[in-house]
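The values are calculated or read from the model by the stated rules, or taken from the named source; none is laboratory data. Predicted model only: the values in this text are computed from it and were never measured. Note: ideal-geometry Cβ built from the backbone for every residue, glycine included; neighbour counts use all protein chains shown.
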Amino acid sequence: MTILKATNLAHAFDYPLFSDVALSLGTSESLAIIGVSGSGKSTLLHILSTLLQPKSGTVELFGENIYTLHNNDLIAMRRHDIGLIYQAHYLLKGLSARENLEVASILSHEAIDEELLKRLGIAHVLEQKVTELSGGQQQRISIARVLTKKPRLIFADEPTGNLDSETADEVMTIFYDYIKKHESAMVLVTHDETLAFECDYVYRLENQQLVQVT
Ligand SMILES: Nc1ncnc2c1ncn2[C@@H]1O[C@H](COP(=O)(O)OP(=O)(O)O)[C@@H](O)[C@H]1O
Ligand SMILES: [Mg+2]
């Protein structure tokens with residue numbers, strides 16, 4: 001089943017960022033987007049993940065054209081089907097780590113996966129306020145929060161940026177296991193080519209074009 005299909009995307013801020021961008025992704029597949037800083041990777045991810053309407057082109061998620069959907073349907077899709085893991089992790093700072101996970105659990109009607117928390121190495125810090133945790137621990141809480149809602153599609157922008165290489169490898173393994181087990185899919189933005197080439201497909205954004213590498 002096709003989970004994501006983008007056609008003919010173009011976007012510009014002060015100058016053109018990219019045009020003619022097309023890609024598609026099916027169940028249990030992963031796709032990486034690489035490219036130098038400033039090439040527009042994060043902008044493209046925002047467009048693919050419902051956050052930014054492109055200047056032209058279409059994005060279909062789960063067969064729905066997202067930028068013509070009714071607002072309530074788009075909100076429901078964001079809440080239940082899409083997992084966003086961005087560089088700035090939007091944890092609720094006044095709450096404990098566990099309370100952050102409980103919010104995700106309540107909103108999505110999905111249970112917290114205690115086994116996942118152990119694998120992420122955060123089971124022992126759940127009662128602490130998120131502001132008391134290290135950057136890497138906060139990153140892993142935000143990953144746990146996103147996976148708690150059992151998304152059908154994950155968008156991750158440098159999700160392992162704050163992690164040491166061993167933890168980064170474990171986190172990526174958790175993502176790959178997750179998308180296989182839950183018939184989900186993942187779009188990963190990274191500057192780390194080693195991580196990128198573990199995905200099923202790799203695309204490079206350069207010279208305003210998205211070129212498939214593998
Ligand atoms: N909201 C915005 N308004 C104006 N310019 C922006 C905005 N977001 C990004 N840009 C510009 O678009 C270019 C690409 O940014 P970005 O998509 O973040 O690239 P990357 O993630 O590849 O580093 C940069 O020059 C950036 O300054
Ligand atoms: Mg970026």
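Can you tell me which condition Phe18 does not meet? The list is (1) at positive phi; (2) within 16 Å of ligand 2 (Cβ to nearest atom); (3) in contact (Cβ under 8 Å) with a residue 12 or more places away in the chain, and all the others hold.
Condition (1) is where Phe18 drops out.
Pull up segment 159-191, narrow it to residues that are within 15 Å of ligand 2 (Cβ to nearest atom) and free of Cβ contacts under 8 Å to residues at least 60 places away in the same chain, then point me to the one that is farthest from the chain's Cα centre (by Cα).
Among them, the one singled out is Asn162.
Could you tell me which of the residues Ser105, Ser184 is of a type in the set (S, T, N, Q), part of a loop (DSSP other than H, G, I, E, B) and surrounded by 15 or more Cβ atoms within 10 Å (Cβ to Cβ)?
Ser184
Only residues that are in a loop (DSSP other than H, G, I, E, B), away from ligand 2 (no atom under 13 Å from the Cβ) and either within 22 Å of Gln138 (Cα to Cα) or not charged (D, E, K, R) (or both): list them for segment 53-90, please.
Matches in segment 53-90: Gln53, Pro54, Phe62, Gly63, Leu69, His70, His89, Tyr90.
Is it the case, given these coordinates, that Leu107 is modelled with pLDDT under 95 and either more than 16 Å from ligand 2 (Cβ to nearest atom) or among the acidic types (Asp, Glu) (or both)?
Yes, satisfied.
Across segment 22-51, what is the number of residues that are closer than 23 Å to Leu74 by Cβ, more than 13 Å from ligand 2 (Cβ to nearest atom) and in contact with a helix residue (DSSP H, G or I) (Cβ under 7 Å, 6 or more places away or on another chain)?
Of the residues in segment 22-51, 1 are closer than 23 Å to Leu74 by Cβ, more than 13 Å from ligand 2 (Cβ to nearest atom) and in contact with a helix residue (DSSP H, G or I) (Cβ under 7 Å, 6 or more places away or on another chain).
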